[in-house]
Amino acid sequence: MRNKNLIGTGVAIVTPFTKKGNVDTEALNKLVKHLHNGKVDYLVVLGTTGESVTLSKEEKQLVIDIVVKANNKKLPLVLGIGGNNTKEVIETIQKTDLKPFEAILSVAPYYNKPNQEGYYQHYKAIAQSTKKDIILYNVPGRTGSNVTWETQVRIAKDFKNIVATKEASGNMEQIMKIIKNKPKDFLVISGDDNLTLSVIAAGGHGVISVVANAFPKNYSEMVRLCLKNKFNDARKLHYDLIDITDQLFADGNPGGIKQALSLLNICEPYVRLPLCEPSDKVKQNLKQLMKNYK
């Protein structure tokens with residue numbers, strides 16, 4: 001594999017906030033410890049779930065500094081650097097100290113809605129700007145456009161430092177075509193918690209998870225069992241969490257997972273505008289489901 005450290009359960013960690021809207025450094029330290037204890041495989045900093053688009057440059061650096069220190073080299077770290085301005089993405093990569101990080105997670109350009117050649121050229125420019133490993137991130141539900149399996153395979157074949165794709169299209173046929181046609185050493189990572197079992201069964205290599213923020217032990221164990229082809233054991237853990245995972249996304253991410261973390265006394269549920277906390281119905285559903293979860 002191009003990067004074995006990205007196999008298994010990565011966690012797209014939230015950025016906790018205080019009631020006044022500041023980064024909650026104490027809660028962030030607590031979350032990293034919680035994930036270490038849950039035996040996840042790596043941490044993803046400043047992704048979508050980390051509300052990176054609402055953080056200032058100073059706050060982003062603060063989050064990086066806290067996670068790097070709290071992690072203390074125990075787990076590989078991945079840093080989210082992406083956007084719809086290719087030049088700006090490259091400049092950010094080149095200005096950032098990437099030594100603590102295993103790889104960069106770079107979301108497909110959004111809003112502009114480039115054609116497939118535009119996606120290819122975007123990732124080509126990024127790949128040629130750095131020696132750091134890169135994870136392509138395809139999430140059409142957020143970007144408004146899909147990076148097709150043909151384009152992802154083309155990128156995977158042409159650029160060795162693009163080592164993986166985080167596939168959050170929700171389209172299992174597309175994911176299977178990537179797996180069938182990709183280079184042997186290229187990783188396919190699930191971007192949807194409830195599809196992870198299916199993705200690994202099809203030949204994928206793990207997940208970058210939201211639900212594992214709250215339930216790292218059981219979720220990462222489910223992934224390990226899947227990777228060992230122990231699907232009968234993995235299914236129980238998968239189905240035990242499937243209803244909770246549905247509610248985490250029922251009224252927006254990361255509002256749902258922050259509610260779950262609040263119920264676990266790890267961080268407060270605050271999110272930044274334009275996001276709002278989930279509805280009372282979702283909050284109640286989550287509370288009841290987590291009360292019954294074993």
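Summed over the stretch 111-140, residues that are touching a Ser or Thr at 6+ places or on another chain (Cβ under 6 Å) and basic (Lys, Arg) total 1. Restricting the stretch 90-109 to residues that are in a loop (DSSP other than H, G, I, E, B) and in contact (Cβ under 8 Å) with a residue 12 or more places away in the chain, the residue that is farthest from Gln128 (Cα to Cα) is Pro100.
Which members of the stretch 70-94 meet the condition of being surrounded by 17 or more Cβ atoms within 10 Å (Cβ to Cβ) and closer than 18 Å to Ile13 by Cβ? Hits for the stretch 70-94 are Ala70, Asn71, Leu75, Pro76, Leu77, Val78, Leu79, Gly80, Ile81, Gly82.
Could we say that Gly10 is under 18 Å from the mean Cα position of the chain (by Cα), surrounded by 17 or more Cβ atoms within 10 Å (Cβ to Cβ), of a type in the set (Gly, Ala, Ser) and not in a loop (DSSP other than H, G, I, E, B) here?
The answer is yes for Gly10.
Contact map, the stretch 53-69: residues that are exposed (fewer than 12 other Cβ atoms within 10 Å of the Cβ) paired with residues that are not charged (D, E, K, R), Cβ distance under 7 Å, separation 6+ or inter-chain. No pairs are found.
Entry remark, the stretch 247-294: residues being without any contact (Cβ under 8 Å) to a residue 12 or more places away in the chain, over 21 Å from the mean Cα position of the chain (by Cα) and closer than 20 Å to Lys30 by Cβ number 1 in total.
On inspection, Asp240 fails the criterion of being outside any helix (DSSP H, G or I), farther than 26 Å from Thr165 by Cβ, of a type in the set (Asp, Glu) and touching a residue at least 12 places away in the same chain (Cβ under 8 Å).
Mind checking whether some residue in the stretch 115-131 is touching a residue at least 60 places away in the same chain (Cβ under 8 Å) and under 13 Å from Gly82 (Cβ atoms)? Taking every residue of the stretch 115-131 in turn, none turns out to be touching a residue at least 60 places away in the same chain (Cβ under 8 Å) and under 13 Å from Gly82 (Cβ atoms).
Based on what the data block shows, is Ala103 within 23 Å of Ile208 (Cα to Cα) and touching an Asp or Glu at 6+ places or on another chain (Cβ under 6 Å)? Against the criterion (within 23 Å of Ile208 (Cα to Cα) and touching an Asp or Glu at 6+ places or on another chain (Cβ under 6 Å)), Ala103 qualifies.
Would it be correct to say that Ile155 is in contact with a helix residue (DSSP H, G or I) (Cβ under 6 Å, 6 or more places away or on another chain), farther than 29 Å from Ala27 by Cβ and surrounded by fewer than 19 Cβ atoms within 10 Å (Cβ to Cβ)? Spell out how you get there, then give the answer.
Working: in contact with a helix residue (DSSP H, G or I) (Cβ under 6 Å, 6 or more places away or on another chain): yes; farther than 29 Å from Ala27 by Cβ: yes; surrounded by fewer than 19 Cβ atoms within 10 Å (Cβ to Cβ): no.
Taking the combined requirement at face value, the residue does not satisfy it.
Kindly indicate whether Gly80 is in contact with a Lys or Arg (Cβ under 9 Å, 6 or more places away or on another chain) and closer than 18 Å to Ser106 by Cβ. No; evaluated as a whole, the condition is false for this residue.
Among the listed residues Val199, Val210, which satisfies the condition of being more than 30 Å from Lys281 (Cα to Cα) and either buried (at least 22 other Cβ atoms within 10 Å of the Cβ) or in contact with a Gly (Cβ under 9 Å, 6 or more places away or on another chain) (or both)?
Val199
Regarding Ala212, is this residue part of a helix (DSSP H, G or I), closer than 21 Å to Val32 by Cβ and in contact with a strand residue (DSSP E or B) (Cβ under 7 Å, 6 or more places away or on another chain)? The answer is yes for Ala212.
Coordinate-derived values only; no laboratory data. Computed from a predicted structure; not experimentally measured. Every residue, glycine among them, receives a Cβ derived from its backbone with ideal geometry; neighbour counts consider all protein chains shown.
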